[in-house]
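> This is the structure, below, for whatever I ask next.
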Amino acid sequence: MRTATVASVAAVAVLAALAGCAKPAPPAVDAIAARGQLRVVTLNLPTCYYLGAQRTEGLEFELASAYAARLRVNLVMYSVANERAMQAELAAGHADIAAASLSNAPEWSRAGDAARPYARIPQLVVYQRNGVRPRDTLQLESARLAVRAGSPQERILQRLKSTMAPALQWEETAPSSADPVEDVDAGEAQYAISDAREFSFAHHLYPNVLIGFALPEERPVQWFVRRGAPQLLASVNAFFRDLTASGRLAQLLQQSSGDTRPFEYEESRVFQAHVGERLPRYRSWFEQAAAQSGLDWRLLAAIGYQESKWDPRAVSGDGALGVMMLTADTAQAMGIRDRANPEQSIFAGARYLAQVREMIPERIAEPDRTWLTVAAYNVGFGHLEDARIVTQALGKNPDSWTDVRERLPLLAQERWYTRAKRGYARGWEPVQFVDRIQRFLRLLEWQPGESGSAQAAGPAASPAPAAPTAPVHAATPGA
């Protein structure tokens, strides 16, 4: 017995010594620096994180990228299905930060600590164009009002009901079903509550839904950091404080809304002026690049005009620049260093368009193949494939630009993009892009001395005969 007791005491002493020698876990920011990675969990939403035509986009992605750069580490950002999954990732320590236009709620206290809000988003009451416009909160008490179940908007309504509108009632839309704005568009609800940032994307899909007024309470949005990481929490708060003071946060908020690239028709006289003043400087490069890539030079020129108005100094809000408005990643992939050099930009844009065209099935006849190519140039080949899969699923022809054109905007609807391999896309933009390219191409074809042949819409080679429609497979590689 005495031996066992001595052994036990000795074991305890050894454990105590080991405990005294063990180093405490490093603070979270130091641990992130040591591993060289910032891990951020998010949601695949237009307001947060999604795959664009040439790069990843979304406000939370831009913010997380800026914070990772501040820490001088790489960003690892990934999406999960819903907020509950985000909370699980944070609680398990798989992610350092959760970022998805989030608002604090009791459920988050079990997963992480809330950073200070970096913005406050107006909450809009929207209505159908043909309906009665709402103008104040009390007017909602007798209306059919739709709101997403369990959402921050529902919590705001609950507070309004308890403070100023006791008769307020609403119909809950299940979290996984249609957007409440869609209920208004379909006439299933008279009004809906929509986050202003979300509506900046949704109004492209539902042009008949208008804004009535904004609720008196705005929604705070913030990041959450994993529990037990006060240094990381302080660092995140300092990051947003500095980002606000510099004006960069306001710039990112504007650039990443759904209204950053509005669809505007150019006056023909302005186009004609640019044909006379600008096009002669670049026409020979368009012609040479088209000859090398097997495309029509007027198609390249039309894309260049849509992208930059043939201005080599043009810069977009997301950092693309030059005549063909290339991102840094695309320019590097195409082997050019100076995107502002019009010759390099034109030749790189032609090579990129030709590469995209090679990914379009050869069986697809002209002009559909060209317009599908141009759409993929704008939105990304992977998103185009998703739209073709949706088109086929709805019983339409995935090889027809007319049919795909009508389904591309569905990639911005939750009920569809949650099923798509590449997730959310601004599906209305490639439709608008192709429409404008077609218009500029026709104007170029109609110029004095130019031929208006159908061949101008496609490559120099004659189109192949139409082939029977073949299935589209979700496994097709994406951009």
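> Mind checking segment 362-442 for GluC sites (Glu not before Pro) that DSSP puts in a loop (not H, G, I, E or B) and that have at most 12 other Cβ atoms within 10 Å?
Filter output for segment 362-442: Glu362.
> Then there is this: Assuming R0 = 56 Å, what is the FRET efficiency of Ser246 and Ser142, from their Cβ-Cβ distance, to the nearest 0.05?
0.75
> Right, something else. Suppose we keep just the alpha-carbon trace of segment 201-332; what are its Rg and Dmax in angstrom?
In Å, with Rg to one decimal and Dmax whole: 21.8, 65.
> Next question, about the same structure. At Asp435 and Ala273, where each label point lies 7 Å from the Cα along Cα→Cβ, what is the point-to-point distance in nanometres?
Spacing of the two 7 Å Cα→Cβ label points: 2.4 nm.
> Something else about it: For segment 112-152, state which trypsin sites (Lys or Arg not before Pro) are in a DSSP loop and have at most 10 other beta carbons lying within 10 Å of their beta carbon.
Answer by residue number: Arg135.
> Compute the distribution of all C-alpha to C-alpha distances in segment 312-439, in bins of 5 Å from 0, and list the percent of pairs in each, rounded to whole numbers.
Reading the bins upward from 0: 2, 11, 19, 21, 19, 14, 9, 4, 1, 0.
> What does segment 275-360 give for Rg and for Dmax, in Å, if only its C-alpha atoms count?
11.7, 35
> Show log10 I(q)/I(0) for segment 158-207 at q = 0.24, 0.31 Å⁻¹, two decimals, from a solvent-free Debye sum over equal Cα scatterers.
-0.98, -1.19
> Another question, then. Per 0.36 nm of contour for each residue apart, how much would the distance between Gln158 and Arg55 grow if the chain were fully extended, relative to their Cα-Cα spacing?
Gain on stretching Gln158 to Arg55: 33.1 nm.
> Hey, with R₀ at 51 Å, roughly what FRET efficiency would Leu394 and Asp30 work out to, going by the Cβ-Cβ distance, to 0.05?
Using R0 = 51 Å, I get an efficiency of 0.45.
> Which of the aspartates and glutamates could be linked to Lys421 by a straight reach, that is with a Cα gap under 13 Å, when you skip same-chain ones fewer than 8 residues away?
Those aspartates and glutamates meeting the cut-off are Glu385, Asp386.
> Further question on the same structure: Along its three principal axes, how long is segment 72-112 when you only count alpha carbons? Whole Å, largest extent first please.
Result, largest extent first: 32, 18, 18 Å.
> Could you compute Rg(Cα) / (2.2 N^0.38 Å) for segment 97-143, with N its residue count?
Compactness ratio reported: 1.75.
> Using just the Cα positions, wrap segment 270-324 in a convex hull and report its mean projected area in square nanometres, one decimal place.
Average projection, Cα convex hull of segment 270-324: 3.9 nm².
> Over segment 78-192, what is the relative contact order in whole percent, taking alpha-carbon pairs under 8 Å and six or more residues apart?
The normalised contact order for segment 78-192 reaches 25 percent.
> On to the next question. Please compute, for the alpha-carbon atoms of segment 201-258, the extent along each of the three principal axes and give them in descending order in Å.
Extents along the principal axes: 48, 25, 23 Å.
> May I pose another question? What percentages make up the Cα-Cα pair-distance distribution of segment 62-152 when the bins are 10 Å wide from 0?
Reading the bins upward from 0: 12, 34, 26, 18, 9, 1.
> How large is Rg/Rh for segment 66-210, to two decimals, with Cα atoms and a Kirkwood Rh? Could you put the intermediate results ahead of the total?
Numbers: Rg = 17.6 Å, Rh = 17.1 Å.
In segment 66-210, Rg relative to Rh is 1.03.
> Which residues does the label zone of Glu107 cover in segment 113-155, counting backbone N under 18 Å from a point 7 Å along Cα→Cβ?
113-115, 147-155
> Check Met77: other-chain or 5+ apart residues with amide H under 5 Å from its amide H, H built from backbone geometry?
Val40
> Ratio of Rg to Rh for segment 148-264, alpha carbon only, Kirkwood?
1.03
Values quoted throughout were computed directly from the atomic coordinates according to the rules given, and no laboratory measurement underlies them. These numbers were taken from a predicted model, which means no experiment stands behind them. Note that we place each Cβ from the backbone using ideal geometry, even for glycine, and neighbour counts take in every protein chain shown.
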